[in-house]
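The values are calculated or read from the model by the stated rules, or taken from the named source; none is laboratory data. Everything numeric in this text was worked out from a predicted model, so none of it was measured. Positions of Cβ are backbone-derived with ideal geometry, glycine not excepted, and every protein chain shown enters the neighbour counts. The protein model used for the area step is the full one, side chains on, heavy atoms only, and it has no ligands, DNA or RNA in it. Shrake-Rupley method; radii C 1.70, N 1.55, O 1.52, S 1.80 Å.
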Amino acid sequence: ETGVTQSPTHLIKTRGQQVTLRCSSQSGHNTVSWYQQALGQGPQFIFQYYREEENGRGNFPPRFSGLQFPNYSSELNVNALELDDSALYLCASTRDAGSGANVLTFGAGSRLTVL
Amino acid sequence: KQEVTQIPAALSVPEGENLVLNCSFTDSAIYNLQWFRQDPGKGLTSLLLIQSSQREQTSGRLNASLDKSSGRSTLYIAASQPGDSATYLCAHTGGYNKLIFGAGTRLAVHP
């Protein structure tokens, strides 16, 4: 097992710009989810992808979008960045999108700062 | 609205103490309850997973219990060590692997 890897680890953007964060899922995991963690808070669910399609979304606006690729790597895209988008973005993978009985494996996160 | 509350928000203890971290949740129809550890600026490490049909799980010095009827879970840490210093997060699954997290308890264990 290779674990979940995320890139970049840190980045700085300015308001209005766009950002793409990347995640490489653990081997054999076909489901990936993304979370936003603001400083001092617990992670908030953004969305989940299963077999390249979004199959669940939290309370985030459409400027947050994602992609999952056939090799199970994925991207989180955020358009028109706002100051409140500054956070740690976490990617997590698991074997299937089913009942929720599976343990998620989290990456180390991408720290985004919006100035 | 599904909510998860963790008490206390922060805790500072001397090495060797036994600790209890509390987690309460409003949704009684949970799939499971997980406890995670997060070191500063890092990702999450799963510590214990309690399925909805279970009452507790143990791993080494850690023991987690789940009472669905009261909407509570506790994480017990025995004989705390400085290396236990981290933020501890509880989360329950709200369907299709969506995790609903509390804000965490920041633990500092000093020698």
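Worth pointing out:
- Lone unmet requirement of (1) within 14 Å of chain B (Cβ to nearest Cβ); (2) within 25 Å of B:GLY41 (Cα to Cα); (3) open to solvent by less than 40 Å² (accessible area, probe 1.4 Å) for A:GLY56: (2)
- There is no residue in the stretch A:27-45 that is at pLDDT 90 or above and more than 14 Å from every other protein chain (Cβ to nearest Cβ).
- If the condition is being among the acidic types (Asp, Glu) and farther than 18 Å from A:THR105 by Cβ, then the stretch B:38-89 contributes B:GLU56, B:ASP67, B:ASP84.
Listed here are the residues, each with its yes/no results for (1) more than 19 Å from B:LEU44 (Cα to Cα); (2) in contact with a Ser or Thr (Cβ under 7 Å, 6 or more places away or on another chain); (3) surrounded by fewer than 16 Cβ atoms within 10 Å (Cβ to Cβ); (4) of a type in the set (Val, Ile, Thr).
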site: A:GLY16; (1), (2), (3), (4): yes, no, yes, no
site: A:LEU21; (1), (2), (3), (4): no, yes, no, no
site: A:TYR35; (1), (2), (3), (4): no, no, no, no
site: A:TYR49; (1), (2), (3), (4): yes, yes, no, no
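- Some residue of the stretch B:95-104 being open to solvent by 30 Å² or more (accessible area, probe 1.4 Å), at the interface with another protein chain (Cβ under 9 Å from one of its Cβ atoms) and either among the basic types (Lys, Arg) or farther than 27 Å from B:ALA29 by Cα (or both): yes
- In the stretch B:37-83, the residues that are out of contact with any Asp or Glu (no Cβ under 8 Å at 6 or more places or on another chain), touching a residue at least 60 places away in the same chain (Cβ under 8 Å) and buried (at least 19 other Cβ atoms within 10 Å of the Cβ): B:GLN38
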